[in-house]
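Encoded as C-alpha cells, the structure appears first; notes follow it.
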Amino acid sequence: MTDEDRSARPYDVGLQVERTSLAWRRTALEVATVSLVGVRIVPERWGVWGLPPTGLGLVVALVVMIGSHRRYRSQHSALTSTAAAARFADGRFFFVTATLTSMAGIACLLLVIAPVGTAGTSQ
C-alpha cells in the first residue's frame, strides 16, 4: 500500500482524530456565538469598555478554529505516514486555550457582579 493510499483513508475505525477535531470546531463556533451575543449585551453594562473582551472572543474563536485544523492535519498525516519518527504536538495549544477560556469566565463573572453603568440608559 502506498503513502497516497494510506493518507486518503481514516487511520482508525473509531475516527478519534476526526471527532476531536470536530469538537474543537464546535468549541470555536460556540465562543464566536457567545462573543457576538456579547457585542449586543455587554455594552449596555460596561459601555465602550465592553467591546474589547467581545472582540477578543472572536479572535480566540478564530485562533481555535485555525489551531484545530492544523492539529488535525498534522496528526492525521503522522498517523497515516510510514515514517518512523511521527511527531505529535505538545500541549501548548491546550494550555493557551484553557487560559483564554478561564480569562473569559472571569470577564463573565465581572459582568454579572459589576454594577450597571449609565451607558445605554436614558433618564
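A few comments on the model shown:
- Ranked packing of 39-49, 64-74, 104-114, most packed first, by mean Cβ within 10 Å: 64-74, 39-49, 104-114
- Sequence-separation-based contact order of the stretch 15-113, relative, with Cα cut under 8 Å and 6+ spacing, percent: 32
Values in this text are rule-based calculations from the coordinates and carry no lab data. It should be emphasised that the depicted structure is a prediction, and the values quoted were computed from it without experimental measurement. Heads up, the Cβs are rebuilt from the backbone with ideal geometry, glycines too, and the neighbour counts pull from every protein chain shown.
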